[in-house]
Structure formats: C-alpha cells, structure tokens
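Just so it is clear, none of the values below were taken in a lab; they were calculated from the coordinates. This structure is a prediction, so every number in the text was calculated from the model and none was measured. Positions of Cβ are backbone-derived with ideal geometry, glycine not excepted, and every protein chain shown enters the neighbour counts.
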Amino acid sequence: MASNHDTEYIDVLDEKGAPAGIKKTRAEIHRDRLRHRVVHVWLLNPDGELLIQRRSPIKSTYPDMWDISAAGHIDAGETPEEAVMREVKEELGIVLGEGDAQYLFTVDEGKTSLHGGGINREFQNVYLARVLGKEKVVLQEDEVAEIRWVPWRELREIVESRNPARAAQFVSHPEEYRKLFAILEKAETRA
C-alpha cells in the first residue's frame, strides 16, 4: 500500500547534499524548494532492455509521461539502498534483495522545473539492477499506468531527440541518460 505523500518525512539537505539536520514533509520540501534526495532505479534484463514506466495520469508531476523504471523520495532516516528496494516493490511489485542494485552516480538537479510549476531541488541517486528476465510485474495503479521493456540503444535514440515527437513523451533527465548510456555502452564493449 502506498504511503500518503503529504505526510512522508524527508531529510533536508544543504547545497552540497549533506544532511542539514532537519526533516520536513514532502509537501513542505516542494513548497519551500528545499534540497532533498531521491532514488532513480533502472532495471536491465539480459537482452539489454531497460524497463520504462508510463506514469499514472493522476500523478501531480509529469502525468502520462514515460520515465525511469522506478523512482521516489528517500524517507527521513532511510538509506538510498532501502529506498531502492521499497520503490521497486511499491511501484512494480518486484522484490530486490540487498546488493541487487548497483549505485552508479548522483545527479544534482537543483533547478528542475516541476510539471505544473515550482522548482524541484533534488540529489538523484541513480542505480542499476540487473534482473534475470522480464520479471512478473504488479503495477501500483496510482503511480504507474503501464510498463515496457525497451532496448537501451533504442531508448537512447528516442531521448536524444532523434525523434523529437517521441522524446517529448519522456520525462527529461538529460545528464542521467547521458551517463547511464555511457556506462551501458562501456559494459557492453567489455563483454
């Protein structure tokens, strides 16, 4: 069951991403434009396909747009790894164990405009979890409308605006996409 987003407590961060010793509700964090942490989790299968999700049409930000496999705020006192496991289970019904997701990098999205107004000031901890196949998925309907498995090179082509109409259907994460695809290409070259 999803938690009430308005009463979730989140740690406030300073400009460098260190805990400021304050926790606020998600609503306060966004209203006051405070820095905070989130996790972005990409699921990759052995066929080189990434799971993407279409956000629910009732989401307050980026409704009906394609996005990362799973993502969410890191609750106050929670580790990023705990948030990864929680978000993947909540949104997709997939259970990851400790160590199943590899930390890749952090993106400082200090000036991201939220759909519908406002500024989102996030430190986005990006993870990659290699799964055995096209896992059985149970969608959290108020978060996720549908999923697809897409070859990562095809996704790169879409989001790099080689097809602007299709790229507009995706939540914009330019730095994250660039770094993720470089990592996947390097791993493929070594294999």
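Just a few scattered comments:
- Footprinting exposure proxy for Trp42, Trp149 (fewest neighbouring C-beta atoms within 10 Å first): Trp149, Trp42
- Computed magnitude of the charge dipole of the stretch 21-82 (debye, nearest 20; Cβ of K, R +1, Cβ of D, E -1): 480 debye
- Those lysines that a straight Cα-Cα span of less than 30 Å connects to Lys24, excepting residues fewer than 8 apart in one chain: Lys16, Lys59, Lys89, Lys111
- Residue among Trp152, Pro46, Ser60 farthest towards the positive dipole end of the chain, charges placed on Cβ: Trp152
- Considering only Ala165, Thr25, Leu13, and ranking their Cα positions along the charge dipole of the chain that arises from unit charges at the beta-carbon of Lys, Arg, Asp and Glu, the one farthest toward the positive end is Ala165.
- Beta bridges per DSSP with both ends in the stretch 5-150, % antiparallel, nearest 5: 75 percent
- In straight-distance terms, cross-link reach from Lys23 covers every one of the aspartates and glutamates whose alpha-carbon lies under 16 Å from its own, apart from those fewer than eight places away in the same chain; here that gives Asp6, Glu8, Asp11, Asp14, Glu15, Asp32, Asp75, Glu78, Glu122.
- Farthest toward the positive end of the dipole of the chain, out of His36, Tyr177, Gly99, is the Cα of Tyr177, where the dipole comes from beta carbon charges about the Cα centre.
- Charge dipole magnitude, Cβ of K and R +1, D and E -1 - the chain, Cα centre, debye nearest 20: 500 debye
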